[in-house]
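Before any comments, here is the structure.
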Amino acid sequence: MTEPDQNLETTAPQAAPAPRDDLAPLREKTIVLVGLMGVGKSSVGRRLAGVLGLPFRDADHEVEAAAGRSISEIFAELGEAAFRDGERRVIGRLLDEPPHVLATGGGAFVNPETRALINQKAVSVWLKADIDLLARRVSRKDNRPLVKGKDPVEVLTQLAEVRYPAYAEAQVHVQTGDTPHMVAVDAILAALRQSRA
């Protein structure tokens with residue numbers, strides 16, 4: 001009578017492969033990706049979370065879910081200040097969750113309160129890329145309120161001037177390029193390991 005039980009144990013569906021043991025120290029705290037729009041925080045973040053075996057969260061999506069409207073609608077109806085306030089509260093809530101990979105909106109880390117909270121409760125990673133590359137990427141979509149109807153290079157250059165001093169306070173800096181997302185993931189993992197050394 002014990003044979004069927006043994007079969008059930010051996011034939012039970014398997015979950016995704018367990019994350020590598022050598023990555024365990026990197027799973028101890030939430031990893032927060034910061035940087036300008038188009039740098040790949042969400043797409044790279046999803047892959048990073050997969051490699052680490054951590055959940056992935058996107059702060060913009062969480063803000064939209066909490067507000068019951070899109071970011072474009074929040075900007076148009078309530079203004080950027082209201083959006084930033086909601087964003088700060090949502091990020092604060094997310095940072096109280098168990099460790100995960102969190103992609104933030106481009107302006108989130110610029111808020112001193114949000115930045116202090118992230119650096120206190122998580123590991124902040126600044127993803128940096130060439131402005132021309134970012135401009136090409138953001139031009140492909142029409143869902144970025146800050147560049148709608150404007151020259152993306154000009155907007156991103158101005159944003160960089162304002163935001164780079166704040167991004168520089170991230171605990172880990174990673175330069176990315178026009179490469180596959182997994183190249184950026186590997187660079188992040190290497191930088192995270194180095195920051196712990």
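The values are calculated or read from the model by the stated rules, or taken from the named source; none is laboratory data. On a predicted model such as this, the values are computed, not experimentally measured, just so you know. Using ideal geometry, Cβ is built from the backbone for each residue, glycine included, and neighbour counts are taken over all protein chains shown. For accessibility, only protein heavy atoms count, side chains too; no ligands or nucleic acids. Shrake-Rupley method; radii C 1.70, N 1.55, O 1.52, S 1.80 Å.
Couple of notes before you dig in:
- Filtering region 153-181 to residues that are in contact (Cβ under 8 Å) with a residue 40 or more places away in the chain and either in a strand (DSSP E or B) or open to solvent by 80 Å² or more (accessible area, probe 1.4 Å) (or both) leaves Val162, Glu169, Gln171, Val172, His173, Val174, Gln175, Asp178.
- Criterion violated by Leu36 - all others in (1) assigned to a helix (DSSP H, G or I); (2) closer than 18 Å to Thr176 by Cα; (3) in contact with a helix residue (DSSP H, G or I) (Cβ under 9 Å, 6 or more places away or on another chain) satisfied: (1)
- Which numbered condition Leu102 fails, given (1) under 26 Å from Ala135 (Cα atoms); (2) of a type in the set (A, V, I, L, M); (3) at pLDDT below 95; (4) in contact with a helix residue (DSSP H, G or I) (Cβ under 9 Å, 6 or more places away or on another chain): (3)
- Qualifying residue in region 71-79 (condition: open to solvent by 70 Å² or more (accessible area, probe 1.4 Å) and within 22 Å of Ala170 (Cβ to Cβ)): no
- Applying the set (1) closer than 20 Å to Thr30 by Cβ; (2) assigned to a helix (DSSP H, G or I); (3) open to solvent by 80 Å² or more (accessible area, probe 1.4 Å); (4) in contact (Cβ under 8 Å) with a residue 24 or more places away in the chain to Ile91 leaves exactly one unmet item: (3).
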